[in-house]
1. Output the qualifying pairs, or none if there are none: Cβ atoms under 7 angstrom, residues six or more apart or on different chains, first residue in region 5-25 and closer than 10 Å to residue 51 by Cα and touching a residue at least 24 places away in the same chain (Cβ under 8 Å), second residue exposed (fewer than 12 other Cβ atoms within 10 Å of the Cβ) and β-branched (Val, Ile, Thr).
2. Kindly establish whether residue 83 is under 30 Å from residue 118 (Cβ atoms), modelled with pLDDT of 85 or more and out of contact with any Leu (no Cβ under 7 Å at 6 or more places or on another chain).
3. Name every residue in region 36-55 that is buried (at least 17 other Cβ atoms within 10 Å of the Cβ) and either assigned to a loop (DSSP other than H, G, I, E, B) or not assigned by TED's automatic domain parsing to the domain that holds residue 14 (or both), in order of residue number.
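The values are calculated or read from the model by the stated rules, or taken from the named source; none is laboratory data. In this text the structure is predicted, and so the values were computed from the model without any measurement. Ideal geometry is used to build each Cβ from the backbone, glycine not excepted, and the neighbour counts take in all protein chains shown.
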Amino acid sequence: MDERFVLALAGGVGGGKLARGLAAVLPPDQLAIVVNTADDFVHLGLHISPDVDSVLYALADQNDLERGWGLAGETWKRACVVLNSTDSADAELILPSGDWNVALDDHGAPAEQRIVSGKINLRFKSGTILYQK
């Protein structure tokens, strides 16, 4: 029985490639991967871990080889972050032209119901991330 155990330190796209290569030649019970979280941040209340994402995409064979980063098959072309930082008033915002989809919303109500005729209603102290395909 082989008793070796590998602990890999990984981060980003290169760390994802390393993790994928090791996972291809080692049994799962002989491999542990520690992924960098020093670049993590919180944006609009959402915890973002770019290196963890890159390593997981690579391990799942879902990384985008054409761009060299990100999730394969992502089809969005444009993103729009809309914020209402007022303390007490809702706001209506006219969106750039096109068909917008919701990626993240902290409003509580389905954002699709709030996008009407190219406009979105934002509750005070809220944000929404939209994208176009």
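1. none
2. Numbers: under 30 Å from residue 118 (Cβ atoms): yes; modelled with pLDDT of 85 or more: no; out of contact with any Leu (no Cβ under 7 Å at 6 or more places or on another chain): yes.
In short, no.
3. The answer is 36, and nothing else.
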